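The values are calculated or read from the model by the stated rules, or taken from the named source; none is laboratory data. None of the values given here were measured: they were computed from a predicted structure. Here the Cβ is made from the backbone with ideal geometry for all residues, glycine too, and neighbour counts use every protein chain on show.
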Amino acid sequence: MTTTAARLQLAWKRAAERGSHAAALRPLLRGLSGAYALLASARRAAYSGGWLQAASLGPLPVISVGNLSWGGTGKTPMVELLGRMLHAHGAVPLVLSRGYGDDEWRQLRQSLPFAMHGVGADRAATARALLDSRRLRESLREQRPSAVLLDDGFQHMRLKRDLDIVMVNAELLLGATAATLPLGCLREPPQALAAPTVRVIALHHADAVGGDELAAAEALLRRHAGDGGARRTLVLHTAARASGLRRASADGESQQRLPLDCLAGREVGAICAVGWPDGFFRALRTQLGVKKLLTTALPDHGAVCSASIRALAGQLAAADGERTVVVTEKDWHRAGGGAGLARAVEAAGARLLVLESALEVLSPGGEAELERLVGQVLDEK
């Protein structure tokens with residue numbers, strides 16, 4: 001999601017919450033959304049019709065993970081899950097990231113150390129440069145990349161792919177937000193799901209949506225994907241699960257692992273600059289048992305700075321002589337390892353914790369079916 005779109009969405013959300021100027025903004029945003037939808041549809045039609053050409057990486061199978069809705073769709077943990085699946089199949093993944101915000105690619109490089117990583121806005125050119133690199137050929141010798149994972153790739157149509165996995169924030173899909181930006185949350189009209197390479201759709205944060213709403217959301221996606229007859233789209237229900245908690249140190253090196261229940265019943269501060277902060281805050285309350293949570297949400301891909309952390313820490317009451325501020329793993333990586341953030345928190349008489357999360361597939365048998373599709377893509381190439 002671009003910074004401009006994020007700011008428009010944030011302004012609209014705040015106006016709607018206050019009830020001020022929301023009615024006046026709606027006609028303007030509706031017109032902008034209509035124009036955006038036309039442009040997005042025309043661009044996709046240009047690629048599918050052959051007027052714009054997508055680049056090919058030859059025999060390498062390409063699996064794209066992208067999103068239809070902005071904010072908290074679980075792209076990064078899905079890439080991590082797929083990377084481990086490819087590794088289990090004996091493949092060497094090449095993960096291609098655009099590098100926007102300098103956060104996802106840092107996290108992926110740490111979580112998938114067995115993979116190759118390329119960062120650049122033009123993913124095809126980045127891949128070719130890596131594959132043609134003499135140094136790479138010498139270092140890998142006989143072990144070369146055997147599959148490509150395209151991070152945030154659904155709208156990156158300049159590169160051909162064999163499989164599209166499209167992530168959708170289930171909490172944002174229904175109601176007024178089911179429109180294109182900037183009025184709603186969609187990066188493209190839902191008709192984009194009819195692309196023949198879209199074989200998997202994941203409804204993320206499905207655990208936070210009621211059963212009837214979730215069923216309606218799934219039916220909506222299947223209808224736009226053209227499900228029926230020979231076409232059957234795998235629709236997964238997924239959730240973000242807390243997988244680790246560590247204490248960050250001011251030296252940027254030592255990081256103490258802590259049990260996930262160490263914050264239960266306590267007052268905690270949480271600050272983030274991610275697309276869907278509600279998911280982060282909810283995890284602290286429901287999965288880690290935080291009793292009282294003071295929150296600060298910054299625009300997506302923004303910077304969690306020392307001043308904002310000190311301000312939040314100053315509002316906290318000391319528990320056992322220590323205040324606690326928690327950030328997301330993405331925010332930690334965006335800060336380049338976060339040593340400066342840790343120093344700022346410690347200067348305020350607090351400790352900085354980093355919450356790690358992983359993708360959980362809630363659909364019975366869903367993860368096995370996803371792995372079967374991944375193996376099928378590898379075999380077809």
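Would you pick out the residues in segment 120-136 that are modelled with pLDDT under 80 and either under 14 Å from Leu149 (Cα atoms) or surrounded by 12 or more Cβ atoms within 10 Å (Cβ to Cβ) (or both)?
Those that are modelled with pLDDT under 80 and either under 14 Å from Leu149 (Cα atoms) or surrounded by 12 or more Cβ atoms within 10 Å (Cβ to Cβ) (or both): Ser133, Leu136.
Hey, Ala202 hits all of (1) more than 27 Å from Asp162 (Cα to Cα); (2) modelled with pLDDT of 95 or more; (3) of a type in the set (Gly, Ala, Ser) but one; which does it fall short on?
Unmet condition: (1).
How many residues are assigned to a strand (DSSP E or B), among the charged types (D, E, K, R) and surrounded by fewer than 17 Cβ atoms within 10 Å (Cβ to Cβ) when one looks only at segment 247-282?
Number of matching residues: 2.
Collect the residues in segment 330-344 that are buried (at least 19 other Cβ atoms within 10 Å of the Cβ) and free of Cβ contacts under 8 Å to residues at least 40 places away in the same chain, keeping them in residue-number order.
Correct list: Ala335, Ala344.
Of Gly265, Gly269, Gly314, Gly275, which residue is among the small types (Gly, Ala, Ser), outside the structural domain of Gly72 (by TED's automatic domain parsing), in contact with a Gly (Cβ under 8 Å, 6 or more places away or on another chain) and closer than 19 Å to Ala350 by Cα?
Values: Gly269 fails: in contact with a Gly (Cβ under 8 Å, 6 or more places away or on another chain); Gly314 fails: in contact with a Gly (Cβ under 8 Å, 6 or more places away or on another chain); Gly275 fails: closer than 19 Å to Ala350 by Cα.
Testing whether each residue is among the small types (Gly, Ala, Ser), outside the structural domain of Gly72 (by TED's automatic domain parsing), in contact with a Gly (Cβ under 8 Å, 6 or more places away or on another chain) and closer than 19 Å to Ala350 by Cα leaves just Gly265.
Quick one: which residue in Ser306, Ser363 is at negative phi, at pLDDT below 85 and under 25 Å from the mean Cα position of the chain (by Cα)?
Among Ser306, Ser363, only Ser306 is at negative phi, at pLDDT below 85 and under 25 Å from the mean Cα position of the chain (by Cα).
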